[in-house]
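Visitor: After the structure tokens below, expect a handful of questions from me.
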Amino acid sequence: MTDEITRMLSAAPERPAVPPAKSRLRASIAIALLLVYVAVVLVMTMSPTPLDRGYESSIDKVLGVLHRNGVPEWFGYSKLEFTANIAMFVPLGFLVGLALPQRIAWLGLLLLPAFSGVIEMTQSLMLAERFATIEDVIANSAGGWIGLLIAFSIRAMVHARDQKVIARAEWELRHRRW
């Protein structure tokens with residue numbers, strides 16, 4: 001009987017397969033989307049004329065609706081633009097957080113403000129009708145960091161889930177009834 005149990009245990013797999021630390025599919029999709037989104041951001045930020053030109057009345061209408069629905073009057077055009085800059089960089093930060101390998105993902109904390117700074121410097125030096133502000137760099141960086149935080153949180157939750165799945169599979173393997 002002991003020989004039979006020994007033979008069965010030696011034939012059983014030692015450990016369930018551990019999910020890869022870096023999913024190639026996740027990284028590939030994130031990189032592809034990141035490239036597309038960077039192109040969109042560059043088109044928006046490097047256009048020779050400001051994007052809001054010709055839409056002043058529409059922006060005033062949006063602000064009017066917001067104010068009638070409880071948004072304080074101090075939330076005017078400059079706050080709306082600041083918020084829009086934050087919102088524009090959240091997806092960028094999220095995609096950077098998914099695309100970078102976990103061991104160097106912290107680089108996103110530096111890359112996002114650097115990218116924003118390059119955009120603002122280029123606007124200042126090369127686009128006569130655009131103007132660069134430190135507020136834009138701050139808003140863009142904040143949005144990018146929010147996106148990074150979301151990506152890091154999701155990656156941590158997936159890792160925790162994977163660890164539970166592995167632990168459960170190992171437990172079932174050790175306690176399998178023969």
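Visitor: If you go through region 128-135 one residue at a time, do you hit one that is assigned to a helix (DSSP H, G or I), of a type in the set (Phe, Trp, Tyr) and touching a helix residue (DSSP H, G or I) at 6+ places or on another chain (Cβ under 9 Å)?
Guide: Looking through region 128-135, none of the residues is assigned to a helix (DSSP H, G or I), of a type in the set (Phe, Trp, Tyr) and touching a helix residue (DSSP H, G or I) at 6+ places or on another chain (Cβ under 9 Å).
Visitor: How many residues are charged (D, E, K, R) and either under 26 Å from the mean Cα position of the chain (by Cα) or surrounded by 10 or more Cβ atoms within 10 Å (Cβ to Cβ) (or both) when one looks only at region 30-82?
Guide: Of the residues in region 30-82, 6 are charged (D, E, K, R) and either under 26 Å from the mean Cα position of the chain (by Cα) or surrounded by 10 or more Cβ atoms within 10 Å (Cβ to Cβ) (or both).
Visitor: List every residue pair whose Cβ atoms sit under 9 Å apart, with the two residues 6 or more apart in sequence or on different chains, where the first one lies in region 150-178 and is without any contact (Cβ under 8 Å) to a residue 40 or more places away in the chain and closer than 15 Å to Arg26 by Cα and the second, anywhere, is among the hydroxyl-bearing types (Ser, Thr, Tyr) and surrounded by 10 or more Cβ atoms within 10 Å (Cβ to Cβ).
Guide: Filtered contacts from region 150-178: Val158/Ser23.
This table checks each residue for (1) modelled with pLDDT under 95; (2) more than 29 Å from the chain's Cα centre (by Cα).
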{"residue": "Leu127", "(1), (2)": "yes, no"}
{"residue": "Asp136", "(1), (2)": "no, no"}
{"residue": "Ile146", "(1), (2)": "no, no"}
{"residue": "Ala160", "(1), (2)": "yes, no"}
{"residue": "Arg168", "(1), (2)": "yes, yes"}
{"residue": "Trp171", "(1), (2)": "yes, yes"}
{"residue": "Arg176", "(1), (2)": "yes, yes"}
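Visitor: If you scan region 66-121, which residues turn out to be within 17 Å of Gly144 (Cβ to Cβ) and of a type in the set (Phe, Trp, Tyr)?
Guide: Phe82, Phe89, Phe94, Trp106, Phe115
Visitor: Checking the structure you have, find out if any residue of region 43-58 is under 26 Å from Leu149 (Cβ atoms) and touching a residue at least 40 places away in the same chain (Cβ under 8 Å).
Guide: yes
Visitor: For region 105-128, does any single residue satisfy the condition of being aliphatic (A, V, I, L, M) and surrounded by 18 or more Cβ atoms within 10 Å (Cβ to Cβ)?
Guide: Among the residues of region 105-128, at least one is aliphatic (A, V, I, L, M) and surrounded by 18 or more Cβ atoms within 10 Å (Cβ to Cβ), which makes the answer yes.
Visitor: What pairs come up if the first residue lies in region 100-114 and is in contact (Cβ under 8 Å) with a residue 12 or more places away in the chain, the second is surrounded by 17 or more Cβ atoms within 10 Å (Cβ to Cβ) and in a loop (DSSP other than H, G, I, E, B), and their beta carbons are under 7 Å apart, counting only those six or more places apart or on different chains?
Guide: Gly108/Leu100
Visitor: Sticking with this structure for a sec: What number goes with the only condition from (1) closer than 30 Å to Arg24 by Cα; (2) at pLDDT 95 or above that Asn85 does not pass?
Guide: Checking Asn85 against (1) closer than 30 Å to Arg24 by Cα; (2) at pLDDT 95 or above, the one that fails is (1).
The values are calculated or read from the model by the stated rules, or taken from the named source; none is laboratory data. From a predicted model like this one, the values you see are computed outputs, not experimental measurements. Quick reminder, even Gly has a Cβ in these numbers, built from the backbone with ideal geometry, and neighbours come from all protein chains shown.
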